[in-house]
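> Dropping the structure in here first, questions after.
Read the figures in this text as sums done on the coordinates, not as results from a lab. Being a predicted model, the structure only gives us computed values, none of them experimental. Cβ placement follows ideal geometry from the backbone for every residue including glycine, while neighbour counts extend to all protein chains displayed.
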Amino acid sequence: MENDLVDKTKYNFFSIPMQGVRGKGILHWVKTPFFLVKAIFSAFLEVKKVKPDFVILMGGYICFPVAVAAKLLKIHIIIHEQNAIPGLSNSLLSYISQKIFLGFELKKLKGEVIGNPIRHDLFNIEKPSKRFLNRSGPLRILVMGGSLGAMQFNRTIPQILHSLSKNKKIKVIHQSGKKHYQELVDLYHELDVDIEVKNFLYDMNYYYSWADILIARSGAITVSELSQIGVASILIPYPFAVDNHQYYNARILEQRQGAYIILQENIETELPSLIKELTRSGCQQMAEKAKQDKTIEPCDAIYKYCLEAYEG
C-alpha cells in the first residue's frame, strides 16, 4: 500500500523484500531465514547509500531488517511502539536500540511515553463542551472503516441502522472504502435508508467535529486521535490483528469511560441495543472523558531527542 500512497517526488522511497512471519504456518517459518537474509542485505545497501545519522522505526516486520542493517553500520537506532501491546519486531529491537518511545504506557516494554503522531490540523478542533453546545436534531453517527473500509462494517451495519431508523432519529455518514463505495450505496438504497456514503474522508476536522459518536476500528492512530480531540466512540477491534493489539488499544479509552468495546462477532447482537440507548448528552460525557488532559507533540519529542543526541 505504501508504494501507492507515498509521493515519490517528495520522499526518497525504497522497498525491501520482507514478509511477516506470524500466523503463516510452519513452512513459512522454515523459509524465514532465507528471505530475512535477503531483506537485511537489501536494507544494508539502501541504508549505506543514504548514510543517515539516525534510523527511526515505527514498528512492523519491515523494521527488523532495517534495524539489523543500521546496527551493522553503527547507526543510532530509535524505535517507536504505537500500540498498547508491543509487537514482536519492537520487542526484539528494543535490545539493540538506543532509544525507545511509546505511544501508550506499556507494562511489557519500558520507554518514554510521547503518544502517537496525528495530523496537526486536528489540534484545531474545539473541545467537546463547545462542539456540543446548542446542538440539536437527530443523533449523528460516523461509521469509519479506515482508508480501505471494513468489510464486516459494510455487511452488518446497514441492516442495523435500517432497523434502528424506524424508531430512533439518526443521521449517519458511513465511510465505505474506495473499493466498496458503490456496493454500499446500492445496499442502503435497497434498504431505503437516507445515509450519506463516502468512499474516503478527507476533512477529518469536519467529520470528527460533526459526529456525536464514532463507530470504528481501534488502530493506534485512531485511538490517539480520539484521545487528543475527545470523541465518543464504539470501537470494534479488528479480530485478526497480531496479539489482538486493537482490543488493548480500545481498552485505553474504555477504561476512561470514553468508549464502548464490541467484539466483531457480537456486532449484530450488541450494537443495535447500544445505539438505541445512546443520547447526545451521554455522548458528550463520553467525549469529555475520552479527551486527555494535555496536548502531545510526539514529532517534536523525537526531533528534540535526535538534535540533542547529534549535538552531544
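> For the chain, list the DSSP H helices whose alpha carbon atoms reach 24 Å or more along the long axis and whose average Kyte-Doolittle value is 1.0 or above?
Passing helices, by number: 26-50.
> Express the relative contact order of segment 122-290 as a whole percentage, based on alpha carbon pairs under 8 Å and six or more residues apart in sequence.
Values: 279 pairs, mean separation 43.2, N = 169.
After rounding, I find 26 percent.
> Mind sorting out which of (i) 54, 47, 36; (ii) 67, 35, 32; (iii) 64, 44, 39 is the real Cα extents along the principal axes in Å computed from the coordinates?
(iii)
> Do the sum for the chain: with -39,500 (n - 2.57) for every DSSP H run of n ≥ 4, divided by all residues, what is the mean residue ellipticity at 222 nm, to the nearest 500 deg cm²/dmol?
On the way: 13 runs with 138 residues, N = 312.
About -13000 deg cm²/dmol.
> If I stretch the segment between Leu92 and Tyr11 completely, what's the gain in nm (0.36 nm per residue apart, minus their alpha carbon distance), one decimal? All intermediate terms of the calculation are to be shown ahead of the outcome.
Details: separation 81, 0.36 × 81 = 29.16 nm, distance 2.80 nm.
Result: 26.4 nm gained on full extension.
> If each of Tyr310 and Lys51 carries a label point 7 Å out from its Cα toward its Cβ, how far apart are those two points in nm?
Computed distance between label sites Tyr310 and Lys51 equals 1.5 nm.
> Label points 7 Å out from Cα along the Cβ direction at His189 and Lys107: separation in nm?
Computed distance between label sites His189 and Lys107 equals 5.1 nm.
> Which is farthest toward the positive dipole end of segment 122-290 among Ile229, Asn249, Tyr207, measuring Cα position about the Cα centre, with Cβ charges +1 (Lys, Arg) and -1 (Asp, Glu)?
Value computed over the given set: Ile229.
> If contacts are Cα pairs under 8 angstrom and at least 6 residues apart, what is the relative contact order of the chain in percent?
On the way: 496 pairs, mean separation 46.0, N = 312.
After rounding, I find 15 percent.
> Considering only Cα-Cα distances, which of the following residue pairs are longer than 26 Å: Lys108/Lys294; Lys71/Lys108; Lys38/Lys108; Lys169/Lys198; Lys49/Lys108; Lys74/Lys294? Walk me through the intermediate numbers first.
Values: Lys108/Lys294 24 Å; Lys71/Lys108 23 Å; Lys38/Lys108 30 Å; Lys169/Lys198 20 Å; Lys49/Lys108 35 Å; Lys74/Lys294 36 Å.
As for pairs spanning more than 26 Å Cα to Cα, those are Lys38/Lys108; Lys49/Lys108; Lys74/Lys294.
> In terms of Cα to Cα distance under 16 Å, which lysines are near enough to Lys304, apart from those fewer than 8 places away along the same chain?
Here the lysines satisfying the reach criterion relative to Lys304 are Lys99.
> I need the peptides 171-179, 60-68 ranked by packing, meaning the mean over residues of other C-beta atoms within 10 angstrom, with the highest value on top. If you can, show how the numbers build up before the last one.
Details: 171-179: 19.7, 60-68: 21.6.
Top of the packing list down: 60-68, 171-179.
> Something else now. What is the packing order of peptides 207-217, 46-56, 238-248, taking the mean over residues of other C-beta atoms within 10 Å and listing the highest first?
Numbers: 207-217: 22.1, 46-56: 14.1, 238-248: 17.0.
Per-residue mean Cβ counts within 10 Å order the peptides as 207-217, 238-248, 46-56.
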